[in-house]
Amino acid sequence: AYEDYWNMAEWLLCCIKYQPQEPVICGSGFGGLADKLTQPQVFDYSEIPSFPQSTAPGHAVRLVFGILNGRVCVLMQVPCQYLLWKVTFLVRVFQLIGVDTLVVTNAAGGLRPRVEVGDIMLICDHINLTGFCGQNPLTGPHGERFGVFALCDPRDQTMRQKALSAWKEGTCVMLTGPNFETAGCRLLQKWGADAVGMSTVPEVTAAQPCGLRVFSFSLITNKVVMDHKSLEKTNHREALEAGKQAAQKLDACHHSCHQHSPPWQCPL
Ligand code: HPA
């Protein structure tokens with residue numbers, strides 16, 4: 001119900017020092033950005049009343065409010081296997097607390113030679129594969145207050161142009177995981193995906209009807225292993241390690257921009 005969204009939004013607004021303009025929803029590997037926030041205010045999901053909890057063990061479940069390059073933002077890590085309605089709920093709460101921009105990141109496996117480990121890939125489009133199977137974050141109760149559905153091009157073109165000078169771009173497809181795939185990924189490649197991850201699509205899908213500006217990118221943590229006979233195996237630990245390195249690359253990107261800002265905050 002709309003009141004549930006409001007209850008959480010009001011709770012957050014009462015507790016936070018500054019109202020964020022920009023939530024950054026991050027997948028594995030990008031959590032280090034939280035250390036860069038000044039004047040941080042940290043909330044464990046368990047201490048926020050009615051906050052959707054994660055059932056996946058060992059995942060960072062914190063909301064960190066703070067300042068990044070002069071812009072107030074909130075960083076949240078969406079745990080693996082988080083149910084889609086929970087993602088939608090949080091994105092809508094962010095809209096209610098007054099944010100204008102949503103930045104969404106994931107760790108992803110490269111499906112093509114041009115997408116290399118350590119790359120940051122701007123997501124120019126996505127394949128909502130879980131949506132093909134009836135798992136869409138917008139199914140369920142929906143009031144017009146959260147906008148109308150029209151997901152032709154959910155991403156903000158101005159922000160995309162800014163980032164293009166620093167990063168390559170591509171199409172990302174989402175699988176729910178938590179396991180990695182082999183032969184299935186050959187299919188994804190044929191369908192036109194450049195990278196495969198386990199998040200970002202629900203966040204972007206939920207944000208667009210709310211009128212948020214959306215910017216999303218992948219940290220390429222591994223090359224997808226597509227042959228079951230291959231001796232190489234993808235695992236989460238290596239993906240996390242590569243994710244950390246890619247996060248450093250994001251840092252290098254800040255420094256090539258004016259004002260040391262990440263590309264989505266850089267002036268043209
Ligand atoms: N497949 C799916 N999700 C991923 C991968 C992958 O290879 N790497 C990081 N997230």
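In table form, for the structure just shown:
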quantity: Hz values of 3J(HN,Hα) by residue in the stretch 167-180 - Karplus curve (6.51, -1.76, 1.60), Gly and Pro given as x; calculated: 10, 7, 10, x, 9, 10, 10, 10, 10, 6, x, x, 7, 8
quantity: Cα-based Rg of the stretch 81-231 normalised by 2.2 N^0.38 Å, two decimals; calculated: 1.05
quantity: Shape of the stretch 153-243, Cα gyration tensor, a/c cut at 1.5; calculated: prolate
quantity: Note, ³J(HN,Hα) from phi for the stretch 33-39, Karplus 6.51, -1.76, 1.60, rounded to Hz, x at Gly and Pro; calculated: 4, 4, 5, 8, 6, 8, 6
quantity: Backbone HN-Hα couplings from phi across the stretch 110-118 [Karplus 6.51/-1.76/1.60, Hz, Gly and Pro as x]; calculated: x, 9, 9, x, 6, 9, 9, 4, x
quantity: Order of K17, K229, K36 under a 10 Å beta carbon neighbour criterion, fewest first; calculated: K229, K17, K36
quantity: Order of S216, S46 - criterion: other Cβ atoms within 10 Å of each residue's Cβ, fewest first; calculated: S46, S216
quantity: Interchain or long-range residues, amide H under 5 Å from V104's placed H; calculated: I25, F215, S216, F217
quantity: Order of T38, T130 - criterion: other Cβ atoms within 10 Å of each residue's Cβ, fewest first; calculated: T38, T130
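Each reported figure results from applying straightforward, stated rules to the coordinates on display, with no laboratory input. This one's a predicted model, so the numbers in the text were calculated from it and none came from an experiment. Ideal geometry is used to build each Cβ from the backbone, glycine not excepted, and the neighbour counts take in all protein chains shown.
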